[in-house]
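To start, the structure itself, in structure tokens.
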Amino acid sequence: MGLRSRLTARLTGPRTAEPKFTEPGTYRVVLQLPGPSPVLVIRAVRRTTGIDLFAAQKLVNDAPVIVREQLSESSAGLVVGQLQKAGARAMAAPIGES
């Protein structure tokens, strides 16, 4: 496998989010604004959701958007923290509220 093939597989291949970002519950995370550094936000989205680069980029470009649903309050808080650390404006809310 050549370098280009390995790079493409790494960027677009399936990933899994860390377990601390996926505890089930009744909260959702909303990305309101990507902020001044969308690249960092895309990385944070990939890390917390496990989606590929292109899906993460589309998600960030479509803000405001729901990033994750059905999370515990603590997992939702961790995801919001990662997004805010990357410079985004994000919030966690119980499902059914905005």
- Give, in nm to one decimal, the length gained when the segment between Leu33 and Met91 is fully stretched (0.36 nm per residue of separation minus the Cα-Cα distance). 19.9 nm
- If amide H atoms are modeled at 1.01 Å from N in the peptide plane, then the residues at a separation of 5 or more from Thr26, or on another chain, having amide H under 5 Å from its own are Leu71, Glu73
- So, for the Cα atoms of the stretch 19-94, Rg and Dmax in Å stand at 10.8, 31
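Every number in this text was worked out from the coordinates using simple rules, so none of it is lab data. Note that this is a predicted model, so its numbers are computed, not measured.
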